[in-house]
1. As a test, work out the antiparallel percent of DSSP beta bridges whose residues both lie in the stretch 117-241, rounded to the nearest 5.
2. Which shape class applies to the chain: rounded if a/c is under 1.5, otherwise prolate when a/b exceeds b/c and oblate if not, where a ≥ b ≥ c are the square roots of the Cα gyration tensor eigenvalues?
3. Where both partners of a DSSP beta bridge lie in the chain, what percent of those bridges are antiparallel, to the nearest 5?
4. Using only the Cα atoms of the stretch 429-469, build the gyration tensor, take square roots of its eigenvalues as a ≥ b ≥ c, and label the shape rounded, prolate or oblate: rounded if a/c is under 1.5, else prolate if a/b is larger than b/c, else oblate.
5. Restricting to Cα pairs below 8 Å that are 6+ residues apart, what does the relative contact order work out to for the stretch 209-363? Please round to a whole percent.
6. List the relative contact order of the chain as a percent without decimals, with contacts defined as Cα pairs under 8 Å and 6+ residues apart.
7. Between the stretch 71-110 and the stretch 340-386, what's the alpha-carbon centroid distance in Å?
8. Can you put 339, 422 in order, fewest other beta carbons within 10 Å first?
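Since every read-out is calculated from the coordinates, none of them should be taken as a lab result. The shown structure was predicted, so the numbers you read here are calculated from the model rather than taken from an experiment. Cβ: placed from backbone, ideal geometry, glycine included. Neighbour counts: every protein chain shown.
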């Protein structure tokens, strides 16, 4: 999710992200906060809220995509000296809906984007343990490289529930990197005058390349990068191995609530861009002149025109999301798998039991179960299809479903395990904004974090975890070793989290898959 808000939330996010920057006053600490990269020397900080975490916020990985680089492939950032990476960057230009009310705007504002937005937005942020702690490890640390969601129209790094400082502070055994990428018309213009349309997906690839080239200097292992995303980020992760079958760079993939089926828009006639161009004073022009004209329109004017037009449900409707280009997105994902045109790397993928609560208009009592079930299939069915495709290609796949319904994250009963609600448990932020977490909630959080991290430690092995107790809160009667089995169609190897007071259990996916087959 990603919607701009200007409120106390923005202040809270700023305070959390970079409260009391400190180098702790020694030359050793100062030296570990300046890291050499292909973008120049990056100066980070340590603060008192996470005293064992080095934070490098707002690291440029591409040249600003402005002026002639608007609607162009991203270009690698050229070094320009010292970069003071002391605050989260602006989000990319956000499409907003002036007439929308959702559970995120009404209750769960911790998922929203705070701070400013700008065309100059191709930055990533890095959270890494202190070097003295990193050196205690036997090898460089695994890296989780996260792609935020937001429907390809909004989203970014500056989101309270997805700041990983406390997670890294607790484990001291991994690095988290979060990227920005261009959105809506800036990232997916689908204009007749352009050779490349899915610029946002190309931004993501360049971020992967930057992390691979530079993360060793932060203590990370370039051979153990896991590309992880949620919602549109999960769709991006799912399509990534199709686009780079021979050179994926990353060692594994994690897709929370999204599959390749959510990627690929319509607009085969490429009329949306021309229509929007007309709204901003660039009417009746040929393809090249149209691009040249729209490049001169101020970014906020262009975003406002799109947002107000779309938000008022004006006809004809226009939208800007990834389209089939047969380079990053394809017509037939199944055929690509059967032809072996997909990187053979492992994937964790899953969905939540009540995804639909995040997609319906907010009302205090909810829209009813039938509407929620229908909306939930927007995510659960593309996930099911992606798993089926991967099984057909004999690709290692680990499937899950998340069922957590915790009052500090889901304050109204009908919210349940809505779209995005697993993220506070994975990032370790569930107790920070909505109230105290229960012991069971902490146990679920630790279990999910442990499995995601063990996958990053050795993707070829698959996720494993030492289980203390039998999975029932308050009953630590035994200790066992759990190895998450690969999922096969018809098996009972889907890992279900937080259902019936059990941290995790292996179950069948039949109810999900049958519902998708009949819809």
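1. Among the beta bridges of the stretch 117-241, antiparallel pairing accounts for roughly 30 percent.
2. Note, shape of the chain comes out rounded.
3. Just about 45 percent of them are antiparallel.
4. It is oblate, given that a/c is not under 1.5 and a/b is not larger than b/c.
5. Value for the stretch 209-363: 29 percent.
6. After rounding, I find 13 percent.
7. 24
8. 339, 422
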